[in-house]
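Undergrad: I'd like to ask some things about the structure below.
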Amino acid sequence: MLSFRRLPAGAGCSLLAILVVAPAGAFAQSPLRVTLPPVTVTAQKEPEDPQKLPVSVTAVTHDTIVDADIHSVSDAAAYAPNTFFNEFTARKLSNARFRGVGSSPTNPGVTTYIDGVPQLNANSSSIELVGVDQIEFVRGPQSALYGRNALGGVINIASTRPSLASWTGSGVAPYGSFNAGDVRATASGPVIADKLGIGLGFGYSRRDGFTTNDVTGHDLDSRSAAFGKGQVLWRPAERWEARSSQ
């Protein structure tokens, strides 16, 4: 509700001065500043700040993977613009498309690299995640650096490095509707302190199908998968190291 009253002569100027001056002091606040954690990508095969690269790249970090409960590469693609994955029953049929450029299973236009090793087959473009540190979606032609199977872009998957200092581990076991169950565990630590370390990870995921055959009563699109990863990190000198993963 608004109310008005008549003011004495000259009071209007004083009131106007108050209305103009008061907000400047009464509502003045220090600006809110937020500093984001640094992100490093290897979109051009060398560690770089993504803001300084002449490519379109989105990095899904380890914190995001854990906090958002991301289980596969296609789940992480929701954070990358102009990125789409076909989702069929079999995980190997989940193929990537960047900016409309897709791929056939044996001649991909978007290639997945796992720890720098090209897969050259779209069947491994949306793997289940275990022991993954970061996923990079590099959109646009990258054939100058990655060859002819990178016309649409590249997916870089970086595994969590084995620890050379102390033993660490993690495990999750969620359960949901349609008997959806998931078990994932990782462990890594030094065999020889500061010299040799190993990392292990395994998982199993399953769910019932969403569609039932009325004649047989069987599920048509149930899914189950077992997966694992092993790594060895050897650092013979301060500036030399070798890592093997499988």
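Undergrad: Would you pick out the residues in region 42-62 that are without any contact (Cβ under 8 Å) to a residue 12 or more places away in the chain, within 16 Å of Asp133 (Cβ to Cβ) and surrounded by 11 or more Cβ atoms within 10 Å (Cβ to Cβ)?
TA: Passing the criteria: only Pro50.
One line per residue, one yes/no per condition, for (1) among the aliphatic types (A, V, I, L, M); (2) open to solvent by 40 Å² or more (accessible area, probe 1.4 Å):
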site: Ser143; (1), (2): no, yes
site: Tyr146; (1), (2): no, no
site: Ser159; (1), (2): no, no
site: Ala173; (1), (2): yes, yes
site: Asn179; (1), (2): no, yes
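Undergrad: Now, a different point. Here is a list: Gly169, Gly147. Which entry is free of Cβ contacts under 8 Å to residues at least 60 places away in the same chain and on the phi < 0 side of the Ramachandran plot?
TA: Result of the check over Gly169, Gly147: Gly169.
Undergrad: Name, by its number, the condition in (1) β-branched (Val, Ile, Thr); (2) touching a helix residue (DSSP H, G or I) at 6+ places or on another chain (Cβ under 9 Å); (3) closer than 30 Å to Tyr204 by Cβ that does not hold for Val138.
TA: (3)
Undergrad: Suppose we filter Asp214, Asp208 for residues that are over 19 Å from the mean Cα position of the chain (by Cα), of a type in the set (Asp, Glu) and open to solvent by less than 50 Å² (accessible area, probe 1.4 Å); which single one remains? So that I can check it myself, show each step before the final result.
TA: Details: Asp214 fails: open to solvent by less than 50 Å² (accessible area, probe 1.4 Å).
Checking each option against the conditions leaves just Asp208.
Undergrad: Okay, moving on. Exactly one of these conditions fails for Ile135: (1) in contact (Cβ under 8 Å) with a residue 60 or more places away in the chain; (2) on the phi < 0 side of the Ramachandran plot; (3) assigned to a loop (DSSP other than H, G, I, E, B). Give me its number.
TA: For Ile135, the exception is condition (3).
Undergrad: Given the structure, is Ile70 open to solvent by less than 70 Å² (accessible area, probe 1.4 Å) and in a loop (DSSP other than H, G, I, E, B)?
TA: Criteria met by Ile70.
Undergrad: Continuing with this model, one more query. Kindly indicate the residue of region 108-132 that is assigned to a helix (DSSP H, G or I) and either touching a Leu at 6+ places or on another chain (Cβ under 7 Å) or of a type in the set (Gly, Ala, Ser) (or both) and also surrounded by the fewest Cβ atoms within 10 Å (Cβ to Cβ) among those meeting that condition.
TA: Ser124
The values are calculated or read from the model by the stated rules, or taken from the named source; none is laboratory data. What you see is a predicted model; the values in this text were computed from it and never measured. Here Cβ is always computed from backbone atoms with ideal geometry, including for glycine, and neighbour counts include all displayed protein chains. Surface areas here come from the heavy atoms of the whole protein model, side chains and all, with no ligands, DNA or RNA. Shrake-Rupley method; radii C 1.70, N 1.55, O 1.52, S 1.80 Å.
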